[in-house]
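Presented below is the structure to which this report refers.
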Amino acid sequence: MYLCLLVEFVRAGGTLLKVGLTGGIASGKSVVGEMFVGLGAHLVQADKIAHELMLPGQPVYNEVVKHFGGAILNADMSVNRARLAEAAFGTAREGSTQSASRVQELNRIVHPAVIRAQEEWMEEVGRQNRGAVAMVEAALIVEAGAAKRFDSLIVVTCDEEQRVARFAARQKLPLEEARKEVARRMAAQLPDAEKINVANYVIDNSGSLNHTRGEVERVWGELRAKAGGEL
């Protein structure tokens, strides 16, 4: 009975902690996010939110198709992500200025809606548990100017060769093709050094999973303390 009352007291007296989890392509954000969930964090992936917002009939879907054309669609009218990526990021033959402009165009359509959905999700988590840690995993938190929406920002890093190897394995690509694709996509993101400058925590995912897990546990202890001891 006493323990139950103590748990309720901590939850009632805690404070929702909004945490951003970011990092460059193939840095291991999702692996780190899963580790935080295992420790008790509530997590949503911005990528999944974007998928839902780009389902046929959604306002974001309509705007994306309007700006990038029907060529990005599958036969069932759903968005083909590979075609959309090519339309936005361009190809190796296209100039960087043209590619950057198209990426910015896509971001202007998608980011505001994703950010609104993230805020609604975090507020709902807070209503259910005031002492919770609500974590948003997103690649472009800093680029979208959304870092200040969070109480704490975590940046996941890894070395370049690991990034390429992970991307190649994930996409089933030869290493050299993966290297070019990673470079192309990284050109639309801020360098890790700039993200680290605005981060509260940095998790180096260059080593073993055990090393990464140790980093996650260290950061989690501090996040829990800030949130008022979520149980």
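Bear in mind that the values in this text are calculations on the coordinates, not laboratory data. Source: prediction; values computed, not measured. Ideal geometry is used to build each Cβ from the backbone, glycine not excepted, and the neighbour counts take in all protein chains shown.
A few notes on this one:
- Within the chain, longest stretch clear of exposed trypsin sites (Lys or Arg not before Pro) (DSSP loop, no more than 14 other Cβ within 10 Å): 1-92
- Placing +1 on the Cβ of every Lys and Arg and -1 on the Cβ of every Asp and Glu, with nothing else charged, gives the chain a dipole about its Cα centre of roughly 200 debye.
- Crossing angle, helix 59-68 versus the chain [Cα axis fit, 0-90 degrees, rounded to tens]: 30
- Dipole orientation for the chain: of the candidates 89, 145, 56, 56 has the Cα lying most toward the positive pole (charges on Cβ; Lys, Arg +1; Asp, Glu -1).
- Here residue 226 and residue 121 are evaluated by their C-beta separation; at R0 = 30 Å the FRET efficiency comes out at 0.95.
- Between helix 96-128 and the chain: long-axis angle, C-alpha atoms, 0 to 90°, nearest 10: 20
- Residue order, fewest to most surrounding Cβ atoms within 10 angstrom, among 159, 192: 159, 192
- Dipole-positive endmost among 37, 109, 69 within the chain (Cβ charges, Cα centre): 69
- Note on residue 187 and residue 218: the extension gain reaches 8.0 nm, defined as 0.36 nm multiplied by sequence separation minus the Cα-Cα distance.
- Two-site FRET efficiency, residue 147 against residue 75, from Cβ-Cβ distance with R₀ of 30 Å, rounded to 0.05: 0.15
- Annotation: the range 14-227 has a Kirkwood hydrodynamic radius of 18.2 angstrom, from the mean reciprocal C-alpha pair distance.
- Estimated inter-spin distance, residue 86 and residue 211, nm [label 7 Å along Cα→Cβ]: 3.8
- Most mobile listed residue (47, 204, 76) in the chain, GNM with C-alpha springs under 10 Å: 76
- Basic side chains Lys and Arg get +1 at the Cβ, acidic Asp and Glu get -1 at the Cβ, and with that the dipole of the range 101-231 about its Cα centre reaches some 240 debye.
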